[in-house]
Structure formats: C-alpha cells, structure tokens
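Below: one structure, written as structure tokens.
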Amino acid sequence: TTDGVSTLLILGARGDLTSRLLLPGLGRLLTLEPERRITLVGSARAAAEQSGWDQILSKAFADARGPAVRHTLDTARYVSADVSNPDDLHRLFQACDGVPALYFALPPAATARAVEVLGKAGMPEGTVLALEKPFGTDTDSAKDLNRLLAGLVPDEQVFRIDHFLGKSTVLNLLGLRLTNRIFEPLWNRDHIAKVDIVYDEELGLEGRAGYYDRAGAMVDMIQSHLLQVMALVAMEPPATVGPVDLRAAKGQVLKVARLWAADPAQASRRARYTAGTINGRRFPSYAEEKDVDPARETETLAEVVLEVTNRRWAGVPFTLRSGKAVGRRRQEIRITFHEVPVVPGGLHGIQGPTVLRISLGRGGMSLELNVNGPGDPFVLDRATLSADFGPGRLDAYGEVLQAILDRDRTLSILPESAEQSWRIIDQVRAGWKAGRVPLEEYPAGSPGPASWTAEHAVPGASAKLPA
Ligand code: BG6
C-alpha cells in the first residue's frame, strides 16, 4: 500500500540490540512472510562501512530463508550519521525508499537528542518512529519526550516498544484469563490472594555495563516489562484486544497502581551479586565487572510490591521481581488463590492454596491443586496439571517488528502509560537514594540474598481480607 512502511531504518545499527535481537527477529519475520519487501538501512556513528554491515546482516540472517530475506539482503545499505545532527538525519531519509520506520536502538539520552532535532531533518510524510525502552529516564524526561514526539507526528505513528508484549507467552495470557469459565469469574480480590511476576535470569552483564550500570534491575526490567505484564494480568476485560481498547484497559491499571506501603522500605528490596558460579561459568562480583562504577550502587536484583487500587484488586499484593546472575531461572506469573473458607472435618492434609503458574520463558502453564490422590482417600495429595506450548511462530522482536511494519499499535505503549510507569518507579528510587532501603548482596548463582529465600512477608496483606 502507499502508506505501508517500506524501509526499516535502524539507528544504532552496530549495537548489541541490533545484532542480537532486532535483526534475527527481522530474519524470522521475513522467512515467515516471503511476500514482504523491506529495504533495510543501518546507521551508526562509525564511518561508512558497507562490508561491516553486510557481515552483521549475514550473521544475523544465518537461519533466515526465502525471497523476502534475499530482497532485504540485496538492498540493505549502511549510512553513517550523527543522529544529533539534522543534516545527517536528512541524508538518512534520502537513503530511504517510500515510507520509513525509524527504529531508535539507542540509549535514552541519544534517543532524546535525535528526537529534538528530527523536526529539522525533513522527515518524509507518514514516517513511523519506534523507540526502545527505557522511554526516558524518569517521569519528567518521559513527559518531555512525549511532548517532543507529539509535536512531530500523530501518536498513531509512534511506537513505544516493550518486547515483552511481543512474547507469545505474554500474549497467551489474554486467552487464558479471559476465555475460561474457571478463571474469568475468579479473576479478582474475592478469589485471588496474591500475584507474583518474576523474571530471574542466569545471565549477568554480558558486556552491557555502559547501559546497565546506569539503569539497574528496577529500570531495566520492572519499569517496563514487568509493569506491562502486570497491566495485562490486572486489566478489566477489554471490549476488543485491538489497539484502542486493550491499551486503554492496561492504562487504567497503571494509573491506579501504587506502592503497597507509602514507605519504600516496606514495599521494595534491592541487592547486587557478589562472585559466584552458574553452570560452571564464573562471575566476578558485580562491583568488579568491567566498566561498573561501584559507587553508583546499582542493583542487579530488585523487588517491588504494588497495589492496584480499584474494585477488582484492592488488598491484593502484586510482587514484581527481577534479577541477574540468579541460580534458579524462574520466569513466571504466579497467581495464588484464596484457600476455601471451610474444609469438611475428616479431610486431612490440605497442601496449600490453588496456584496457577504461567511461564514467561518457554511457553507453558501449570495448575497446582489439592486432590484425593492414591492411598488414603481422606488424606489429600498435591497434583499439578501442566501444559507445554513450545515457542511462538515468531520471537518477541519478530512480533514487535511485524506490528511496526504493519502499523498495528496493539503492542505499543500509550504515552500516558509510559509516564505512569515512571511515576511508580521514581517513588521507589527516591526511597533508595535517600538510603531507606539497604543494598543487600547475594552470590551469583544463588537464589538471592539469604534473608530473601523465605517468602517475602507483605506487611498488612493478611489483614486485608476480601470484604
Ligand atoms: C531486556 C533487558 O529488555 O530484556 C535485558 O534489557 C534482559 O537486561 C532482557 O536480559 C530479558 O528479556 P529476554 O526476552 O531476552 O529474556
């Protein structure tokens, strides 16, 4: 179509995100859609180096096949540019065929500088702007960025990217919670006691200290990804799962989400790893990793407890946690139901509440139940029903890129949601900065600080029983 995106222009073409995630995702998308014709323009500060770009591409497309892939490889270009210079940006646009999507695979400061001068760069009509997370660095900078963007193009052309929204494991949540009679009517404070959203990784810094040491786990994972997952878990059922209704429903959740306790010390924890081993791989202490400034006190494991203050969820703690170099790779949404009010006399051995687990890593889910298992029929056993769905047809970045190229905003974050997410996180970080929450330690490869292994007691949670 005339207004369809025909050129993907990547700013930050020589970065880790581009080679490790964006390009392989594009390769899978083009393999799945042999009809698609996309011109790829890579740009970075480094002097023009078509051969270097070709090498990055052929490596990232190693498993990609078919005519769409061949077309993109044959037409790919590299243009060096300083994105804070409008003349350079203008040259970039001239290298595009038709309507471009501009993907900012850049750190927040560089993105902000580029957006500031974009108005003077002769942007082609209809240009799509795709901005990686983190969107800004706090509430105020996110507001500034939204204001700048609003002055450039209508919001239909802005994509605030969160690749977790492209994960099939995250999208599967919609069908699971909204279309099953055994979950849909129970999805509220009357039946659900707590929600845990956990994304612990065995990976460490992986050479990304330049970015990560200024972000930390709270900004890197919770501010964006886990809050978005929480919004999908907690939202009211939308009329449609399209861009208007779904995003509005999620936005309402973020608006009423707040720290579980006014004091960040009671609603958050933080820690950083010390030396240790994971799967035979030796990790130095975080403070000694290359390019880390230990004085920044960056956390590599963070946890925050939130309350969604509406009729559906008041009094239910939502605990969001994410860590690096954690030995046990837990990546899941865990929904813990209330216990039944009464157990008939003579029925023994209740093993705990019903728990629904939805995997955020490999696709799958399980439901833990009390059942009359083998043996004594009056003594209960625990049974786990589980299903494994395997990976989706596309990886998360493939989904995200497909949505950008098709101009489908379902997976893009609303401007006010980006600001609301920062509002929540800024409160926590202010408490940390004021020294209200100690920075604890855990050896790489352990499940976290020793004092955290017991379930986090959420102050006041048990007192707030459903009305
Ligand atoms: C990225 C973070 O957004 O998400 C990384 O910057 C993190 O630090 C990654 O490792 C996790 O997502 P995935 O899909 O790669 O497991």
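One table, with the values for the structure above:
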{"quantity": "In nm, spacing of pseudo-spin labels at R282 and D87 (7 Å Cα→C-beta vector)", "calculated": "5.2"}
{"quantity": "Rounded Å value of the spacing that divides the Cα centres of the stretch 138-204 and the stretch 98-136", "calculated": "22"}
{"quantity": "Net charge of Cβ neighbours under 11 Å - reference E201; Lys, Arg +1; Asp, Glu -1", "calculated": "0"}
{"quantity": "In the stretch 48-156, the GluC sites (Glu not before Pro) that fall in loop regions by DSSP, at most 16 other Cβ within 10 Å", "calculated": "E49, E125"}
{"quantity": "3J(HN,Hα) from dihedral phi, the stretch 12-23, Karplus parametrisation 6.51/-1.76/1.60, rounded to Hz, x for glycine, proline", "calculated": "x, 5, 9, x, 5, 4, 5, 6, 8, 10, 5, 5"}
{"quantity": "Filtered trypsin sites (Lys or Arg not before Pro), the stretch 316-388: DSSP coil and at most 15 other beta carbons within 10 Å", "calculated": "R328, R329, R362"}
{"quantity": "Check: the stretch 90-173 dipole with +1 on Lys, Arg Cβ and -1 on Asp, Glu Cβ, in debye", "calculated": "140"}
{"quantity": "In the stretch 71-157, chymotrypsin sites (Phe, Trp or Tyr not before Pro) in a DSSP loop with at most 15 other beta-carbon atoms within 10 Å", "calculated": "none"}
{"quantity": "Sequence-separation-based contact order of the chain, relative, with Cα cut under 8 Å and 6+ spacing, percent", "calculated": "19"}
{"quantity": "The stretch 320-440, relative contact order in percent, only Cα pairs under 8 angstrom and at least six apart counted", "calculated": "15"}
{"quantity": "³J(HN,Hα), Karplus 6.51/-1.76/1.60, whole Hz, each residue of the stretch 83-96, x for Gly, Pro", "calculated": "6, 8, 10, x, 5, 5, 4, 4, 4, 4, 4, 5, 7, 9"}
{"quantity": "Virtual spin-label span in nm between V244 and L32, 7 Å along Cα→Cβ", "calculated": "2.6"}
{"quantity": "Euclidean distance between Cα centres, the stretch 378-442 to the stretch 38-60, Å", "calculated": "31"}
{"quantity": "Expected 222 nm ellipticity per residue - DSSP helices of 4 or more, -39500 (n - 2.57), all of the chain, to 500", "calculated": "-9000 deg cm²/dmol"}
{"quantity": "Estimated FRET transfer efficiency when R0 is 45 angstrom, pair E116-R70 (beta carbons, to 0.05)", "calculated": "0.75"}
{"quantity": "5 angstrom amide H check on F159, placed H, neighbours 5+ away", "calculated": "L129, A130, L131"}
{"quantity": "Long-range amide H partners of G276 with built H, under 5 Å", "calculated": "F283, A444"}
{"quantity": "Amide H contacts of G364 (H built 1.01 Å from N, under 5 Å, at least 5 apart or other chain)", "calculated": "S359, F389"}
{"quantity": "The stretch 130-267, relative contact order in percent, only Cα pairs under 8 angstrom and at least six apart counted", "calculated": "21"}
{"quantity": "In range of the label at V340: residues from the stretch 372-386 whose backbone nitrogen is under 19 Å from the point 7 Å along Cα→Cβ", "calculated": "372-385"}
{"quantity": "Under 14 Å from K250, Cα to Cα: aspartates and glutamates that are on another chain or at least 8 residues apart", "calculated": "D162, E236, E416, E419"}
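Quick note: the coordinates plus some simple rules give every number you see, no bench work behind them. Bear in mind that the values here come from a model prediction, so they are computed numbers and not experimental data. FYI the Cβ positions are ideal-geometry reconstructions off the backbone, even for glycines, and counts take in every protein chain you see.
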